[in-house]
Structures are given as structure tokens and as C-alpha cells.
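Take a look at the structure set out below.
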Amino acid sequence: MSNSIKVDILEVILKITECCNIACRYCYFFRGGNIDFDERPNVIKKDTIHALASFLKEAILANEIKLLRLDFHGGEPLMMGKKRFVEMVELFDTELSQLVDLEYVLQSNGTLIDDEWVEIFSKYNVAASVSLDGDQAIHDANRIDKKGRGTYVRATEGLKKLICAARSNKVVFPGIISVINDSSDTKITFKHFLDDLESPFISFVELDLTIDELNQETVEKISNNLLAVYNEWERINTPTIVHDISVRNFNDILKQLVLSGTEADKKEKRKYVSLTIRSDGSLNPDDILRNIYPYLFTNEYNIKNNTLSDYLSDEKLKDLYRKLFTLPEKCNECGVKKICRNGWGFGSIPHRYSKENDMNNVNALCGVYHEISLRLCDLVIQQGKSYDSIKHNLF
Ligand code: SF4
């Protein structure tokens, strides 16, 4: 048995399904190199859900967790079906909600969201987000169903139901998660989300490519796309930094800079752990690493046999975090290293990996991350925050 490790915030990416009703061309889960989903149940079983409630209860008490965020993921999580989903959240509510601040988040492709699902999200406080790549032409280029048909119309119908419910305060406003690829024009996409879908909470995700898979042209296109969104986001949010238009890539860093040096800042720095729990109960690292380190995605640790501390004490996992926290020389000397953290601050880890040097590379998107980090600092200083108060985030 391992000694308990203190964790303030635990975020669990919970694979309630390992199957999907659509077949996106770039899907990292079903179309990446790691096909271990073949060995797991399509839908998490009842006995695994009960074991998970016990595992989490033990972790909350032993690891002194204050906030537990359960991210219901797939595949497509709504393929679990309504009855089983409701039974699951009712169990978690009963077993865990008295012990911890409990948040439910769900990431869907949107195509199965109907009025009944919206009622369920409303009743159990589930914050749902929808994956959408842009307008119909951009979205349908990659996000297709198994018959090759675009899914834009079905996905936006689901999103609109959520937006409508949010306007009458039945659910929290849905977010959009949007993949930036080298062929999309993100400025058009951003405008489409804001003006046509009236959806102001957006998270852009750069395609999960490693340095071995990227070439200079792709890097430039992805960087230009991200910068185009940044320019537009800054234009809309200036002169006052309001949070009406939230692009998570920038707002999370902005929040960190605005709060720096305050009491709230200390709270923000609480120890945070994120992990994936598979549909068979296996404990794995963050999903973003599944195609880089398939050997870490095993069933060696399982909620049925191990505690959270057992898993966090694993030498392979510690080694992974050592690699992620160790910065290459250029980053160590960089003025914005504490904001960017070799891309980690922007949610970008695969872009620093190569077979030859493992994680010991400067992120392929360094140029754009450097520019955006500096401009965010400028923005905060222009708004009256003193340089001294944010400098511990810079050096
Ligand atoms: S901006 Fe570039 S050099 Fe600086 S921390 Fe980020 S990746 Fe490293």
C-alpha cells in the first residue's frame, strides 16, 4: 500500500463508452496508433460504476480531495443510453456529493442530444460541450458518420437545444471544442461560432501531431490559424477585458495573470491531478498521450484493485511527469516559460515530442505561443495590472 498523496483537485476523464456513432477522419482515439479500445467494454458496466464510486470515496478521504470533476467522455458518451447514465449520476450524487465539491462535465459530438438528454443535464447539473470544427463546409470535411455523411446539421441541432435551455437557465451555457487543422480558416470558424451560432464559450484544440508528423508548412498554417483567433479575441475584448467572449486557450492564461499575487492566486495553485479511467476501470494517464506512450495505457492499475495513491506512486507515471516538467534549454531561458511551459500552458503536449528526443524538444508551435504569451501580458498591463504583480508568472 502506498502512502496517501495530497490532491486538491482531481479531474477524471471517465470513458463511459469506448465506441462512437460517427467516424471523424482525424480521430485520435479510434484512428490513432493505439487500438487498445478493442479490449475494453463498449459501455462501462454497472459493477465498474459501483467500484468507481468506492474508489473515488476512498480517494476523496485519503487524498483530501476538495474538488472532483468527472468528465464523461467516449467515444461518444451519450451512447451509454439515458437510463444507465441517470443511474450512474444518481449513484455518484448519493455516494460522493456530501464529501466533495462534485462537478459533471460531458464532451459530446452533439448528434444524439435531444430534449430528454437536455432534461437530464438540467436535473443533474451536467455541463455539456459539443465538438464542432466550424461552418458546415469545414465541419463536414472531417466530422463524418460511418456512411461518410457530414454531421454538421445533427451536431448543431444538439448544440442549439443546449443553447436554448441555457438561455432559460436550465443548463450552463454549452462550450464548443473545435479542432484547428491545417486546412481550416479559424477566423471564419470563430466568426461562425459567435455570429451564427451565438456561442461565446470556445476551446480550440490543435491537431495532436508530434514533431515527427509535422512539417514546416503545417506548423505555419496551425500557428496562423491560432494567431488569427487570438487577434479577433483581443479585438473584441479590448479596451476592457470582459469575459463575455471566452476562448479557453487565452482566458485560462489571462485569469492566471490577472489573479497573480492575490489570495485567489494561491487557491488557483492547488495541486491538480488529471487522469483517465477506462470503461473497464483501468487507470491511465491523460488521454492526450495515448498514441505517444501506448505502454502507459495498460490495465496494470484498476479501480477495482488499487487506490489513487497506488497509481500516483507508479514509477512509470512519475517518470512521465519528470519528462513533462523538464524543460529544454531554450525554454529554460525563455521570458514566458512559466506561462507557456513548452506548450503545456496552451494544452499542447504532442507538439514537443519526437521519437529521437522524446519530450526533450522545444514545442513546434513555440513561435505562436511566445507571441501570444507576450501579448497577453501586455494586455493585462494595459488594463492597469502592475508588471511587478505578474512577474512571478514570467520568470
Ligand atoms: S515560448 Fe517557446 S521557448 Fe518559450 S516556453 Fe514556450 S516553447 Fe519554450
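Each reported figure results from applying straightforward, stated rules to the coordinates on display, with no laboratory input. Source: prediction; values computed, not measured. Here Cβ is always computed from backbone atoms with ideal geometry, including for glycine, and neighbour counts include all displayed protein chains.
Worth a mention:
- Ranked list, fewest to most other Cβ atoms within 10 Å of each Cβ, for Cys19, Cys340: Cys19, Cys340
- Extent along principal axes [Cα atoms of the chain; Å; largest to smallest]: 53, 50, 43
- Counting charges near His50 (Lys, Arg +1; Asp, Glu -1) among other residues having Cβ under 15 Å from its Cβ returns a value of -2.
- Calculated SAXS-style log₁₀ I(q)/I(0) at q = 0.15, 0.22, 0.26 Å⁻¹ - the stretch 326-393, Debye, Cα scatterers: -0.49, -0.89, -1.12
- With the simple spin-label model, which puts each label point 7 Å out from Cα in the Cβ direction, the Phe325 to Lys6 separation comes to 1.5 nm.
- Other residues lying with their Cβ under 10 Å from the Cβ of Lys304 contribute a combined charge of -2, Lys and Arg counting +1, Asp and Glu -1.
- In a fully extended conformation the segment linking Gln98 and Lys191 would gain 29.3 nm over its present Cα-Cα distance, using 0.36 nm per residue.
- Mean separation of Cα contacts under 8 Å (6+ apart) over length of the chain, as relative contact order %: 19 percent
- Cα convex hull of the stretch 45-108, projected area averaged across orientations, nm²: 4.2 nm²
- The 3J(HN,Hα) values that the Karplus relation (6.51, -1.76, 1.60; θ = phi - 60°) gives for the stretch 113-130 are, in residue order, 6, 10, 4, 5, 4, 4, 4, 5, 4, 5, 5, 10, 6, 9, 8, 9, 10, 10 Hz. Gly and Pro appear as x.
- The antiparallel fraction among DSSP beta bridges confined to the chain stands at about 15%.
- Local electrostatic count, Arg69, Cβ distance below 12 Å [Lys/Arg +1, Asp/Glu -1]: -4
- Other-chain or far-sequence residues with amide H under 5 Å of Ala364's (modelled H): Arg352
- Bins of 10 Å, starting at 0 and running to the largest distance - Cα pair percent for the stretch 252-387: 10, 34, 31, 19, 5, 0
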